[in-house]
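S.K.: I'd like to ask you about the structure that follows.
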Amino acid sequence: MRRARRTPPQPLNAMPELPEVETVRRGLAPVMEGRRIARVELRRDGLRWPFPPGMAGRLAGARVGALGRRSKYLLAGLDTGETLIVHLGMSGRLLVSGGGAARANPARFHHAHPAAEPHDHVVIDLDDGSRVTFNDPRRFGAMDLVATAALAAHPLLARLGPEPLGNRFSPETLRARLAGRRTPLKAALLDQRVVAGLGNIYVCEALWRAGLSPRRLARSVGPARAIRLHDAIRAVLADAIAAGGASLRDYRQADGELGYFQHRFAVYDRAGAPCPRPECTGTVHRIVQAGRSSFHCPSCQR
DNA sequence: CTTGGGTCCTGTGCGC
DNA sequence: TGCGCACAGGACCCAA
């Protein structure tokens, strides 16, 4: 008889950017949607910020409607008229145990739920016996609970740029938001007001796909380069989400839990490696911009 | 308004 | 082999 195992340690580069959050959303939706929250245990006062007053009591008894996503934020709509906002920060994970996962493979679940682990900060029990645990060693994550009618005005969401995979994100809107900015393109794309959901990894990857240097000034992106960049952003995110879905199934079969996908990057964290672009003989370089690593190929990214 | 730098937090991995 | 420290990241905050 085996004890239920926890998710193995995640690789350092499995940062939750938009594709990872979308992967978590897709895995969590069948667990949470339509379920009533039976009980919520807060094992500390907050994460990055204090939890809102009475959050556990306000969640208890609520039924979860649609599980959505905006940028890197998970949004759980509730029948109480409130929405739970969850941000994974850089090390946050949502682990599923019990419920359908346990019934589907009882041999792997000697106990209904694994014992609490360090950094298990929030435990959400649902009315079918399943449990969603928020674990976040670095506590850069966040949770808030706000009136759904006021969601769009929430300070974390109000100023976000367009969803990169949505209909309102076009080469023209991208160029308009980059216009006039004297900051390097790398920094501009990390600004969530320009386009929402990109982090350091996918900015590096999108710039490589577009053949644009991270050092190029944002305002120098004209219509032609905006098309290349727009297409590259969409393609790299779509590829990452597609890869994430596959590994999500693996995680569920192995542990009944949700995890991030592992993905092979073209340039991110690959300093010194040959540029993977066909017919490019360049080498991936690491530079530091605004205190962050940028990985790029100086030969084919201009 | 724009831009850049500091800060939080802890596990990992490197160098000595 | 063991210890210590730099590093990683998102988003807020503040200063210029």
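S.K.: Under the rule of -39500 (n - 2.57) per DSSP H run of 4 or more residues, summed and divided by the residues of chain A, what mean residue ellipticity at 222 nm is obtained, to the nearest 500 deg cm²/dmol?
M.R.: Only helices count here, giving -8500 deg cm²/dmol.
S.K.: In addition: Once amide H atoms are built 1.01 Å from N in the peptide plane, which residues 5 or more positions from A:Arg70, or in another chain, come under 5 Å H to H?
M.R.: When sequence neighbours closer than 5 places are left aside, the close amide H contacts are A:Leu75.
S.K.: In whole angstrom, and with the biggest value first, how far do the Cα coordinates of chain A range along each principal axis?
M.R.: Result, largest extent first: 56, 46, 31 Å.
S.K.: Starting at the first residue of region A:219-229, write each ³J(HN,Hα) from the Karplus equation 6.51 cos²θ - 1.76 cosθ + 1.60 with θ = phi - 60°, in whole Hz, x for Gly and Pro.
M.R.: Taking θ as phi minus 60°, the curve returns 6, 8, 8, x, x, 5, 5, 5, 5, 4, 5 Hz for region A:219-229.
S.K.: In whole Hz, what ³J(HN,Hα) sequence does region A:230-236 give by Karplus (6.51, -1.76, 1.60; θ = phi - 60°), x for Gly and Pro?
M.R.: 4, 5, 5, 4, 4, 5, 5
S.K.: Would you kindly derive the ³J(HN,Hα) couplings of region A:45-52 from the backbone phi angles with the Karplus curve 6.51 cos²θ - 1.76 cosθ + 1.60 (θ = phi - 60°), listing them in order in whole Hz, with x for Gly and Pro?
M.R.: 7, x, 10, 5, 10, x, 5, x
S.K.: Mind listing the long-range amide H neighbours of A:Gly34? Cut-off is under 5 Å, sequence gap 5 or more, other chains count too, H placed in the peptide plane at 1.01 Å from N.
M.R.: A:Val64, A:Gly65
S.K.: Can you list residues whose amide H is under 5 Å from A:Phe51's amide H, if they're 5+ apart or on another chain and H is modeled 1.01 Å from N?
M.R.: For A:Phe51, the qualifying residues are A:Gly46.
Laboratory data are not the source of any read-out in this text; all were calculated from the coordinates shown. Everything numeric here is computed off the predicted structure, so don't read it as measured data.
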